[in-house]
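Peer 1: I'd like to ask some things about the structure below.
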């Protein structure tokens, strides 16, 4: 048996180890620290390679690759979105990701990203909310109580000080699930029977629904002045959550415009519709919220730099721990020119 050299081995974080890592760090601490890492990469946004994710659409969902690089590390995520999966007892979204050394091209981290995507999506929403919502915001309306809802709620609690969540889902069982999971975690929970009831008195509204079609989860008359909206359910062409009249009167903030134009609430609007790139707010070159009456909208579709930051964070946190395994992923012959000889001698 040939023993792999250290150059052949790549750290791999499984789902089990990702969950162990989260509990080791602490869920709220993990989300707060992850938001800091994402914010740090938004501050250096211009140095990254940027392109819309590469999609493969079918009539039941989408499979995508999301690549980026800061010139030192290259990263990508594989992710799917299949709304019909839930009825089949499957996850709507799954993913895995990789970091590689740009200097050699060798992978340096391979990780599950189903759990990590949920964490980074919530951390990104919280980061955006910190910069765009009114400073004294305490009440969250969580519209859509599926797999993302608890992560969103806890991230907003940890990063922004949200202390009350008003829950609504078209499926009451999802609301019951979310409420049960959040019980005892230091947040007041109100179960609501309609979107209108959920957003009553809310400072922040997060929509996280999964249907792959144009929806109007919120209509214009439902949304009062001063709220901040995280519209995070949009992730493919033809899928929205807000009535266009809300989008028209809100101040819109986006990640990467070329991707948001295809996938986000922005796809409803004319090409000259104004928006601000969120990274410009974070690094101080553009204004965020201008006054307490303004409606701010984070049109969050998820972008590769957020996944890159999440992988960087995990790479650092697993050092010196047992929360990873080493996979024999890279062929490492004694002579780089003799790959065939390595195969031959393995007989």
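Peer 1: What are the residues in region 164-188 that are more than 11 Å from residue 150 (Cβ to Cβ) and touching a strand residue (DSSP E or B) at 6+ places or on another chain (Cβ under 7 Å), if any?
Peer 2: Those that are more than 11 Å from residue 150 (Cβ to Cβ) and touching a strand residue (DSSP E or B) at 6+ places or on another chain (Cβ under 7 Å): 164, 166, 168, 175, 188.
Peer 1: Filtering region 91-100 down to residues that are touching a residue at least 24 places away in the same chain (Cβ under 8 Å) and outside any strand (DSSP E or B), which residue is surrounded by the most Cβ atoms within 10 Å (Cβ to Cβ)?
Peer 2: So, considering only residues that are touching a residue at least 24 places away in the same chain (Cβ under 8 Å) and outside any strand (DSSP E or B), the one surrounded by the most Cβ atoms within 10 Å (Cβ to Cβ) is 93.
Peer 1: Right, here's the next one. Check 174, 180 and return the single one that is surrounded by fewer than 23 Cβ atoms within 10 Å (Cβ to Cβ) and without any contact (Cβ under 8 Å) to a residue 24 or more places away in the chain.
Peer 2: Details: 174 fails: without any contact (Cβ under 8 Å) to a residue 24 or more places away in the chain.
Criteria check complete, one pass: 180.
Peer 1: Which of the residues belonging to region 47-68 are out of contact with any helix residue (DSSP H, G or I) (no Cβ under 8 Å at 6 or more places or on another chain) and in contact (Cβ under 8 Å) with a residue 60 or more places away in the chain?
Peer 2: Within region 47-68, 55, 57, 62 meet the criteria.
Peer 1: So which residues in region 273-285 are more than 23 Å from the chain's Cα centre (by Cα) and over 21 Å from residue 242 (Cβ atoms), if there are any at all?
Peer 2: Answer for region 273-285, where residues must be more than 23 Å from the chain's Cα centre (by Cα) and over 21 Å from residue 242 (Cβ atoms): just 285.
Peer 1: Which pairs turn up if I take residues in region 77-90 that are in a strand (DSSP E or B) and look for partners that are modelled with pLDDT of 90 or more and surrounded by fewer than 17 Cβ atoms within 10 Å (Cβ to Cβ) with beta carbon separation below 7 Å, at least 6 apart in sequence or on another chain?
Peer 2: Listed by first residue and then by second, the contacts come to 78/65; 80/63.
Peer 1: Continuing with this model, one more query. Please work out if residue 59 is more than 28 Å from residue 329 (Cβ to Cβ), out of contact with any strand residue (DSSP E or B) (no Cβ under 7 Å at 6 or more places or on another chain) and not assigned by TED's automatic domain parsing to the domain that holds residue 281.
Peer 2: yes
Peer 1: Quick check on residue 198: is it touching a residue at least 24 places away in the same chain (Cβ under 8 Å), buried (at least 19 other Cβ atoms within 10 Å of the Cβ) and part of a loop (DSSP other than H, G, I, E, B)?
Peer 2: no
Peer 1: Given region 263-347, what helices (runs of 4 or more DSSP H) lie entirely inside it while holding 1 or more residues that are touching a residue at least 12 places away in the same chain (Cβ under 8 Å) and in contact with a helix residue (DSSP H, G or I) (Cβ under 6 Å, 6 or more places away or on another chain)?
Peer 2: Filter on region 263-347 gives 278-282, 304-317.
Peer 1: Hey, another quick one. Looking at the structure I just gave you, is residue 103 over 11 Å from the mean Cα position of the chain (by Cα), in the same structural domain as residue 32 (by TED's automatic domain parsing), outside any strand (DSSP E or B) and more than 20 Å from residue 57 (Cβ to Cβ)?
Peer 2: So residue 103 fits the description; yes.
Peer 1: Identify, please: which residue in region 252-262 is outside any loop (DSSP other than H, G, I, E, B) and touching a residue at least 60 places away in the same chain (Cβ under 8 Å) and is, among those, farthest from residue 304 (Cα to Cα)?
Peer 2: 253
Peer 1: Residue 255: outside the structural domain of residue 12 (by TED's automatic domain parsing), surrounded by 20 or more Cβ atoms within 10 Å (Cβ to Cβ), under 19 Å from the mean Cα position of the chain (by Cα) and closer than 30 Å to residue 104 by Cα, yes or no? Before you say what the answer is, go through the steps one by one.
Peer 2: Working: outside the structural domain of residue 12 (by TED's automatic domain parsing): yes; surrounded by 20 or more Cβ atoms within 10 Å (Cβ to Cβ): yes; under 19 Å from the mean Cα position of the chain (by Cα): yes; closer than 30 Å to residue 104 by Cα: yes.
It is true that residue 255 is outside the structural domain of residue 12 (by TED's automatic domain parsing), surrounded by 20 or more Cβ atoms within 10 Å (Cβ to Cβ), under 19 Å from the mean Cα position of the chain (by Cα) and closer than 30 Å to residue 104 by Cα.
Peer 1: Checking the condition more than 30 Å from residue 11 (Cα to Cα) and either at pLDDT 95 or above or more than 17 Å from the chain's Cα centre (by Cα) (or both), which residue from 127, 113, 142 passes?
Peer 2: Selected residue: 142, the only one of 127, 113, 142 that is more than 30 Å from residue 11 (Cα to Cα) and either at pLDDT 95 or above or more than 17 Å from the chain's Cα centre (by Cα) (or both).
Peer 1: Go through region 220-239 and report how many residues are surrounded by 24 or more Cβ atoms within 10 Å (Cβ to Cβ), closer than 21 Å to residue 53 by Cα and in contact with a strand residue (DSSP E or B) (Cβ under 6 Å, 6 or more places away or on another chain).
Peer 2: Qualifying residue count for the region: 4.
Peer 1: Also: Consider residue 48 carefully, then state whether it is assigned by TED's automatic domain parsing to the domain that holds residue 318 and closer than 23 Å to residue 322 by Cα.
Peer 2: On the way: assigned by TED's automatic domain parsing to the domain that holds residue 318: yes; closer than 23 Å to residue 322 by Cα: no.
For residue 48, the condition - assigned by TED's automatic domain parsing to the domain that holds residue 318 and closer than 23 Å to residue 322 by Cα - is not met.
The values are calculated or read from the model by the stated rules, or taken from the named source; none is laboratory data. A quick note: this is a predicted structure, and the numbers were derived from the prediction, not measured. Virtual Cβ from ideal backbone geometry, glycine too; neighbours counted across all protein chains shown.
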